[in-house]
2 protein chains.
Amino acid sequence: MASAVIERSTVEQIVRQVAVEYLRKNQNRNAPVLTVQTSSRHMHVCREDMDILFGPGSELTFDRPLFQEGNFAAKETVTIVGPRNRLISNLRILGPMRKRSQVELAFTDAIMLGINDIPIRLSGDIAGTPGAIIIGPKGVVELKQGVIRAAIHVHMNPGEAAYFGVSRGDRMKLRIGGEAGLTFNNVHVRIDPSSRLNVHMDTDEANACGLHLIKDIELFK
Amino acid sequence: MASAVIERSTVEQIVRQVAVEYLRKNQNRNAPVLTVQTSSRHMHVCREDMDILFGPGSELTFDRPLFQEGNFAAKETVTIVGPRNRLISNLRILGPMRKRSQVELAFTDAIMLGINDIPIRLSGDIAGTPGAIIIGPKGVVELKQGVIRAAIHVHMNPGEAAYFGVSRGDRMKLRIGGEAGLTFNNVHVRIDPSSRLNVHMDTDEANACGLHLIKDIELFK
């Protein structure tokens, strides 16, 4: 290969470095605003399960928007029944529909249902996870798998990823100040052009640090 | 002051340094065994409130021992009523009796009762904290104060404190491994000759890190 040729990947790397330098130097003006939100337990449904739970051809009804563009809390709720016949009612469905149904619980919720070793997974990674019975107004679905505790994660776009110097699949730390101060050491990085910088933790994690009372929050590599 | 005289505090300091050196060098043999335990919500009662709640001259009934010598879970329970008339029943009393009554709740418990800004305090430090109504089988007590979220803390004896190089009132860090890994940054050090090395966290904190599934735990300055 002629040494005068610069490969595309090298060009990309140089551009990325320049962008990062620029963002770092202009940190005060350009530092992305960090928001941290608590995800309560919820369900995502696939088309097939929606047909069974709410009737053939039924659609989710928009209730309120979520932080990430296009996502919303639906008016529809279901009941989930765990392995020991305990149940949680009013489990909210989040839209839009997905390719596969999935239930995201906090640890406390899982224990309440009798799932004592709920796996911690990124959304979508449900192979080998526990199942559950889901009861809707029109029918019942037996999920073979898909019940997870969502790993704490941060959504960001490629520009924000460059600012922090992280790539898809990296883990970052999130320090929460205050008297119950703690640092989450495994915050998974999820990058998408349509994302806005935003950490999602579950209710157990938010309660442990008293999140709603805290202003002193820092995300770092 | 004659320079040949060595003050008592200096002697103590030298002894302490020698002890620490000895302990550090013999770390493998002498490293204290760390246990971490979850404190569920509970109450401590004073003699006066015991008289009202369970009858004059009544005593706590031993149910099971706690990790720290002399402490026990009693058979007696009460009901606590919060500011919005919500209640939690079967609130366990821990013995022995104390000089002042005190209720220790997790954040989740406090929210359930309608106390949305429960202060985080060390046990005993209850000035200016919220009160509650306590209902026992023989009477009702209105606590003017004493409802706290207990700050995460570590009990240790002076030898263990020397091993870690910490003093009363210091704060340490507790790192919990695993997928939901996090580090508690404000673990209060409590030193007493009768103590055994033991971290106490509340149920919210234990649920956030999935404590019961984790073996990889580290306490450090």
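Across chain B, the relative contact order, built from alpha-carbon pairs under 8 Å that are at least six residues apart, equals 21 percent. Among beta bridges from DSSP that stay inside the stretch B:84-186, the antiparallel ones total about 65%. For the peptide A:109-115, the mean number of other protein chain Cβ atoms found within 10 angstrom of a residue's Cβ is 1. Averaged over the residues of peptide B:169-181, the number of Cβ atoms from other protein chains lying within 10 Å of each residue's Cβ is 3. Summed over both chains, the contact between B and A buries some 2100 Å² of accessible surface at a probe radius of 1.4 Å.
Positive end of the charge dipole of the protein assembly as shown (Lys, Arg +1 and Asp, Glu -1 on Cβ, about the Cα centre): tell me which of A:Gly146, B:Asn90, B:Asn186 has its Cα farthest that way. Towards the positive end, the residue furthest out is B:Asn186. Axis between A and B by rotation; chain A residue with nearest Cβ and distance in whole Å recorded as A:Ala208, 2. The HN-Hα couplings worked out from phi for the stretch A:140-151 by the Karplus form 6.51 cos²θ - 1.76 cosθ + 1.60 (θ = phi - 60°) are 10, 10, 9, 6, 6, 7, x, 9, 10, 9, 5, 5 Hz, whole numbers, x standing for Gly and Pro.
Applying D = kT/(6 pi eta Rh) to the stretch B:69-133, where Rh is the Kirkwood radius over alpha-carbon pairs, T corresponds to 37 °C and eta to 0.692 mPa s, the Stokes-Einstein value obtained is 256 µm²/s.
Among B:64-74, B:32-42, the peptide with the highest mean count of other Cβ atoms within 10 Å heads the list, and the full ranking is B:32-42, B:64-74. For the residues A:Gly95, A:Gly181, A:Gly136, a GNM of chain A with alpha-carbon springs under 10 Å puts the largest fluctuation on A:Gly181. Run through the DSSP bridge list for the protein assembly as shown and note the antiparallel percent, rounded to the nearest 5. So the antiparallel bridges amount to about 70 percent of the total. Looking at the stretch B:79-221 from every direction and averaging, what is the projected area of its Cα convex hull in nm²? Quarter of the Cα hull surface area: 9.6 nm². A simple rule links phi to the HN-Hα coupling: the Karplus curve 6.51 cos²θ - 1.76 cosθ + 1.60 with θ = phi - 60°, which for the stretch B:120-130 gives 8, 9, 6, 3, x, 8, 10, 4, x, 8, x Hz, with x for Gly and Pro. Using the 1.4 Å probe convention, the accessible area of the stretch B:94-221 works out to 40 Å² per residue with neighbouring protein chains retained. About its Cα centre, the stretch B:123-221 has a charge dipole of approximately 200 debye under the convention of +1 per Lys or Arg Cβ and -1 per Asp or Glu Cβ, with nothing else charged.
In this assembly of identical copies, the label point of A:Lys144 (Cα plus 7 Å along Cα-to-Cβ) is separated from its counterparts by 6.5 nm, sorted shortest first. Legend: residue pairs A:Lys75/A:Lys221; A:Lys99/A:Lys138; A:Lys215/B:Lys173; A:Lys221/B:Lys221; A:Lys221/B:Lys215, Cα-Cα distance threshold 32 Å; pairs beyond threshold, A:Lys75/A:Lys221. Per residue, the convex hull spanned by the Cα atoms of the stretch A:37-154 amounts to 97 cubic angstrom. The mean number of partner chain beta-carbon atoms within 10 angstrom of a residue's beta-carbon across peptide B:116-123 is 2. Relative to the other identical copies, B:Lys173 shows label-point distances of 0.5 nm, where the label point lies 7 Å from Cα along the Cβ direction and values run shortest first. Around the Cα centre of the stretch B:34-178, unit charges on the Cβ atoms of Lys, Arg, Asp and Glu (plus for the first two, minus for the last two) sum to a dipole of about 300 debye.
Between A:Leu197 and A:Asn157, the built amide H atoms are under 5 Å apart, and every one of these is 5 or more places off in sequence or on another chain. Each distinct pair of alpha carbons in the stretch B:38-80 adds a 1/r term; the inverse of their mean, the Kirkwood radius, is 11.5 Å. Extent along the principal axes, Cα only, for the protein assembly as shown: 81, 66, 42 Å, with the longest axis given first.
Projecting label points 7 angstrom from Cα along Cα→Cβ for A:Arg168 and B:Asn85 puts them 5.5 nm apart.
Relative to the other identical copies, B:Pro96 shows label-point distances of 6.8 nm, where the label point lies 7 Å from Cα along the Cβ direction and values run shortest first.
The values are calculated or read from the model by the stated rules, or taken from the named source; none is laboratory data. Owing to the predicted nature of the structure, the values given are computational and were not obtained by experimental measurement. Cβ: placed from backbone, ideal geometry, glycine included. Neighbour counts: every protein chain shown. Ligands, DNA and RNA are excluded from the accessible area calculation, which covers all protein heavy atoms including side chains. Shrake-Rupley method; radii C 1.70, N 1.55, O 1.52, S 1.80 Å.
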